Amino acid sequence: MFKKLLSVFLVVMMLMTLSVGCAKDNDQPVDDPQGPVENPADDENPAEDPDEGEDYLYWNIGSKPKTWDPTLNSATDGGHIIMNLFEGLLADTEDGLVGAVAEDWHISDDQLTYTFDIRKDAKWSDGKDLTAQDFVYSWKRACDPTVASEYSFIVTPYIKGSEEYFNAYAEIKKPYVEEIEAGLTDEVKNDEEAKEAAIKEGLAKPEIKEAIDKELQSYRDNVAVTAIDEKTLQVELNMPTPYFLSLTTFYTYMPVREDIVEANGEGWEKNPETCISNGAFKLAEHQSGSHILMVKNDNYWNADSVKLQAVRGEMIVEQTTALSAYQNGDIAVLDSVPTDEIPKLQAEDPNFHVAPRLGTYYYIFNVDIEPFNDLRVRKAFALAIDRKMIVEQVTKAGQIPAVAFMPASLTYSTGESVRPFVDNKPVEEYGLDPYSAKVEEAKALLAEAGYPNGEGFPAIKLLYNTHESHQKIAEAVQSMWQENLGIEIGLQNEDWAVFQDSRREGNFTVSRGGWLGDYNDPMTMLDLFTSWSGNNDTQWRDEEYIGAPWDTTLNPSAKPFNDAIRAAFETSGTERDANIKKAEDAMLDNMVIMPIYFYSYTDIVDQAVVEGVHRTPLGHWVFKDAELIK
Amino acid sequence: MGRYIVKRVISAVITIWFIMTLTFILMNNLPGDPFTSERQQSEEIKAAVYAKYGLDDPAHIRYFKYLRNYAKGDFGVSFQELGMTVNHLIKVAFPYSMKIGIAASILIIVLGVILGVLSALKQNKPTDRIVMILCTLGVTIPSFVLATGFLYFFSRKLGWVPSYGAGTWKHYIGPVIAISAFSLAFVARLSRTSLIEVLQQDYIRTARAKGLSERTVILKHALKNSLIPVVTYIGPMIAGIVTGSFVIEKVFAIPGMGDFFVSSIQNRDYTMIMGITVFYSIFVVIAILLVDIIYVFIDPRIKYD
């Protein structure tokens, strides 16, 4: 009998262990032993009650955003949320730049000083006034070395004093480090790890930390963004930057509240109570991995025009699930659908759209090593692929065959597109035909380079990051090179984190590449391949770069490109346009990359449910003009 | 018995420590880091970010720091969801996985054993054949196919269950079925085989010879012994199921823990990798310990002294 009871007890115990784990991760100590067993009712939110949420717009974010703190965000998913919770000085719309928080702005004659008049009625979601000081704080935060924003690079080159501030920490601490090092015993000095630990400990001493902070503060004060008065913001730039107004629409330039951020630290934006924002919506709920709920912000200066009561952003990762939720009528807005479904959706669903996106998909050649250190080989490979076939048979999502680097939505100062499209269709450029492979020409070049019919060509591998779509493209390209050039190449895939390092450090011969623009100016694409860019994975440099110590093989052919970029920074108007053109020509004449296609968006907006949903030219969803159809 | 348990608990702690250490070493030798991103960071940014999250410390210092914090139950802050502690993320996600896991475990054990017993008693008769065909299907159909198919028919076509998420009880039907299929089939086969074997033992013949009713023979003498292999299997299985399934949770868009196991490694989210590993190993270790203790009561041949 006893044994029976005990075994029953043990089975119960076994089930109880299911909740033991819960007790372990409870933040607070729990006295009540029943406490740790999560009561599902506590977690369920009203939105899951089928009766509520009728006034909500259901949108699929499609992933679990890392952050939507405007200063820290570097990803598209966070960007969507920020664009709806926050508002910058200007906004980028389909009709161009318009004033958002800024009512008016003035640019000095030398184009170095910008003054913004902030709307008198601009407020935060908790009702406090939005002031110029909020922008001063936020912009300085973006280039604060201790905040370490991944997107500081979109601020520091432009605002006077910000680069110095960002780089100051390393400089300031140098004498202190030297002092600490001098005080160490030889034994510690020779042990790299112990030395590092000792230095870190030394720097953390209150008096030293205080001294460093004080010096850092003087750099912070020198960042040339100032509040002239409550509602007037002034900023001085390092150089005339024709796209600075466009930059102010980007999330890194959006305001955050000093008192909130400083009091709550990282993660303030994930808590509805502390997520104080200034856009059309405010955060009402957030459940990690599940959803966020954004409700109308009644303190928004233009709240009267906002018709939508709430937007629920779902984090459904599986595209098939999201699509079926849409087909069930549970979700009205989504942007990633399974590739295999695209042809069917395109044919049958009027809610489905494809639009060009500011970005290019390409392969990069490692110009430092054989065989791609030979321009003729690079050209032959670029000529030997059929781009039309790739976009129509492989990617199938409305991509546009690319024979150059900058996508068509980028424009010159005249408003003319950088791509000479005819009837919105690409034309032959740089000797590459968007609609077919030029096999004869490719073969001739290859023979000239010493590999007639591909004979004697070294064994090479095409590197790409592990992903189904990249694999399909790689296989298509592999077979085209085999067929058209008689060259058999291997395929090699690597995990994203590993892939990036391999590519950056030039451990590849030819690799997949792609770039999505950050702001609406040709420079967002072009400055990728400068010699001083850490993203210049082609290793095409004519001068050594401190960020790429492995790249010691210099390529004089990169000089015209770098010169043109430098000149573009110093010129404006049509003169700048000419430099931009010159730079792209230098890049493509040298064929350091092999363009494949321009990215596209796919999106579904259920027109029976909602109208007025927009996307910014950079592709962020904007719901403030949306309205549910009853 | 008491001494045995104490001994096992000590060895469990050592096992978990060993797993942690191994995970830490492997993790630190993975190429890439939590802040690898497409936009190349300048050395300054990288150094600043590392300093902010304490990644600039040498590995052994970080290791001891982790150990100290884990002893206090603090898993640290996730790199992949800024500002969220690993404890909080697990706390929010675990109940979903656990609900599915408990429901699935009960379904697997109860239905699995019943089907197995039924099959064994009707060996080679139509009932047995049908059950075994179903079991073969259950073992061979991948769970994501089952999950997608379930969604297609019951949500898209019939509209009986919601299309995604985890709000009402209806949301859980699909995930529970999809997650159970394999183990359910496995348990059924296991208990069938085992019961058939037990029924051929001498002591069963003795029991029958004594004139006991078939019912008593099966329930009192055969079943208990036939469950030994089943118990061996279900211990670790429960630990695995309640901590969530990556595939099932992804297909049904359940905000559970399954995703952490995969995404944390993809993202090199060091703190989450460690947190989730420790969490999972505690489960497995406890489950195995309980299985070993349960043996004593169902198998008289086993004694721990």
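Numbers for the structure displayed
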{"read-out": "Residues that are in a loop (DSSP other than H, G, I, E, B) and either hydrophobic (A, V, I, L, M, F, W, C) or open to solvent by less than 20 Å² (accessible area, probe 1.4 Å) (or both), drawn from the range A:81-126", "value": "A:PHE86, A:GLU87, A:GLY88, A:LEU89, A:ALA100, A:VAL101, A:LEU112, A:ALA122, A:TRP124, A:SER125"}
{"read-out": "Of residues in the range A:544-567 being at pLDDT below 90 and touching a Phe, Trp or Tyr at 6+ places or on another chain (Cβ under 8 Å), the one surrounded by the most Cβ atoms within 10 Å (Cβ to Cβ)", "value": "A:ASP551"}
{"read-out": "Selection from the range A:379-437 of residues that are without any contact (Cβ under 8 Å) to a residue 60 or more places away in the chain, within 25 Å of A:ILE342 (Cα to Cα) and not in a loop (DSSP other than H, G, I, E, B)", "value": "A:LYS388, A:GLU392, A:LYS425"}
{"read-out": "Residues located in the range A:479-498, provided they are within 29 Å of the chain's Cα centre (by Cα) and either closer than 11 Å to A:LEU462 by Cβ or assigned to a helix (DSSP H, G or I) (or both)", "value": "A:LEU491, A:GLN492, A:ASN493, A:TRP496, A:ALA497, A:VAL498"}
{"read-out": "Residue among A:ALA459, A:ALA444 that alone is part of a loop (DSSP other than H, G, I, E, B), at negative phi and over 30 Å from the mean Cα position of the chain (by Cα)", "value": "A:ALA459"}
{"read-out": "Test: residue in the range B:35-51 that is open to solvent by 50 Å² or more (accessible area, probe 1.4 Å), more than 24 Å from A:ALA548 (Cα to Cα) and free of Cβ contacts under 8 Å to residues at least 12 places away in the same chain", "value": "no"}
{"read-out": "Condition broken by B:GLY211, with the remaining ones in (1) within 24 Å of A:TRP496 (Cβ to Cβ); (2) assigned to a loop (DSSP other than H, G, I, E, B) satisfied", "value": "(1)"}
{"read-out": "Per-region count, the range B:21-34, residues within 14 Å of chain A (Cβ to nearest Cβ), open to solvent by less than 20 Å² (accessible area, probe 1.4 Å) and either in contact with a Cys (Cβ under 6 Å, 6 or more places away or on another chain) or under 25 Å from B:VAL284 (Cα atoms) (or both)", "value": "1"}
{"read-out": "Matching helices (runs of 4 or more DSSP H) fully within the range B:234-305 where at least 3 residues are closer than 25 Å to A:TRP496 by Cβ and β-branched (Val, Ile, Thr)", "value": "B:246-251, B:270-298"}
{"read-out": "Subset of the range A:127-140 that is outside any helix (DSSP H, G or I) and open to solvent by 10 Å² or more (accessible area, probe 1.4 Å) - its residue that is nearest to the other protein chains (Cβ to nearest Cβ)", "value": "A:LYS128"}
{"read-out": "Residue pairs meeting the criteria (Cβ under 8 Å; at least 6 apart or on separate chains; first under 17 Å from B:VAL92 (Cα atoms) and without any contact (Cβ under 8 Å) to a residue 24 or more places away in the chain, in the range B:228-247; second open to solvent by 20 Å² or more (accessible area, probe 1.4 Å) and aromatic (Phe, Trp, Tyr))", "value": "B:PHE246/B:PHE261"}
{"read-out": "A:VAL403, sole failed condition from (1) modelled with pLDDT of 90 or more; (2) more than 24 Å from A:ALA583 (Cβ to Cβ); (3) crowded, with 17+ Cβ neighbours inside 10 Å", "value": "(2)"}
{"read-out": "Options A:VAL155, A:VAL188, A:VAL147; residue that is touching a helix residue (DSSP H, G or I) at 6+ places or on another chain (Cβ under 9 Å) and without any contact (Cβ under 8 Å) to a residue 24 or more places away in the chain", "value": "A:VAL188"}
{"read-out": "Positions within the range B:46-94 being more than 7 Å from chain A (Cβ to nearest Cβ), closer than 26 Å to A:ASN73 by Cα and of a type in the set (Lys, Arg), in sequence order", "value": "B:LYS46"}
{"read-out": "Residue check for A:GLN327: at pLDDT 90 or above and either within 13 Å of another protein chain (Cβ to nearest Cβ) or open to solvent by less than 40 Å² (accessible area, probe 1.4 Å) (or both)", "value": "yes"}
{"read-out": "Boolean, A:ILE228 is assigned to a helix (DSSP H, G or I) and touching a residue at least 12 places away in the same chain (Cβ under 8 Å)", "value": "no"}
{"read-out": "Count of the range B:13-70 residues which are modelled with pLDDT under 85 and among the hydroxyl-bearing types (Ser, Thr, Tyr)", "value": "5"}
{"read-out": "Selection from the range A:141-177 of residues that are within 18 Å of A:MET239 (Cα to Cα), open to solvent by 30 Å² or more (accessible area, probe 1.4 Å) and part of a loop (DSSP other than H, G, I, E, B)", "value": "A:PRO157, A:LYS160"}
{"read-out": "For A:ALA578: the one exception among (1) free of Cβ contacts under 8 Å to residues at least 24 places away in the same chain; (2) under 20 Å from the mean Cα position of the chain (by Cα); (3) open to solvent by 10 Å² or more (accessible area, probe 1.4 Å)", "value": "(2)"}
{"read-out": "Options B:ILE288, B:ILE273: the member that is crowded, with 21+ Cβ neighbours inside 10 Å and more than 9 Å from chain A (Cβ to nearest Cβ)", "value": "B:ILE273"}
{"read-out": "Conditions (1) open to solvent by less than 70 Å² (accessible area, probe 1.4 Å); (2) more than 14 Å from every other protein chain (Cβ to nearest Cβ); number of the one not met by A:ALA198", "value": "(2)"}
{"read-out": "A:GLY398 vs. criteria in contact with a His (Cβ under 9 Å, 6 or more places away or on another chain), surrounded by fewer than 22 Cβ atoms within 10 Å (Cβ to Cβ) and closer than 30 Å to A:ILE292 by Cβ", "value": "yes"}
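The values are calculated or read from the model by the stated rules, or taken from the named source; none is laboratory data. None of these values were measured; they are calculated from a predicted model. Every residue, glycine as well, gets a Cβ built from its backbone with ideal geometry; the counts of neighbours run over all protein chains shown. Heads up: the accessible areas ignore ligands, DNA and RNA and are worked out on the full protein's heavy atoms, side chains in. Shrake-Rupley method; radii C 1.70, N 1.55, O 1.52, S 1.80 Å.
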